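Notes follow once the structure below has been shown.
Each value in this text was obtained by applying a stated rule to the coordinates, not by laboratory testing. Note that the coordinates shown come from a computational prediction; the quantities given were computed from them, not determined experimentally. For neighbour counting, all protein chains shown are included, and Cβ atoms are generated from backbone atoms with ideal geometry for every residue, glycine included.
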Amino acid sequence: RQNNVNIRVVRIFNTYGPRMHPNDGRVVSNFIVQALNNEDITVYGDGSQTRSFCYVDDLLDGMVRMMNGSDEFVGPVNLGTWGIPRNSPSWRWLKKSLKPPAANPALSFAPFPRMIPSSVNRIFLWQKKN
């Protein structure tokens, strides 16, 4: 606003779609790979966590619509799945989404993995203060 620059703010959530790397470590790819291999589905934490998911085509459509929208509205806009009940654990939605359903995969609860510093940490020697 100060420099008369048109901006848009879009918050991107767990995006999934074709050509995802099977070992990227995200919840969707982990779930799919485990289901395809007929393995137990790993749920990190106590299973109460919720997530928002967005198919890549829907994400791109939302971003283009936001960019082409009114200059009066800059956001932020959350682009994620609206079909998941707000307080429904993500594993329940993902398990229900398997088509055809896997041979009723078992759930395996595990502690959260240790986080690997992101590129912003390594490149800019940045870390959160709190």
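The table that follows gives values for the structure above.
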item: Rough spin-label spacing in nm, given labels placed 7 Å along Cα→Cβ, for PHE112 and VAL64; result: 3.6 nm
item: Calculated from backbone phi, Karplus (6.51, -1.76, 1.60) coupling profile of the range 54-64 in Hz, x at Gly/Pro; result: 8, 5, 4, 4, 5, 4, 4, 4, x, 5, 5
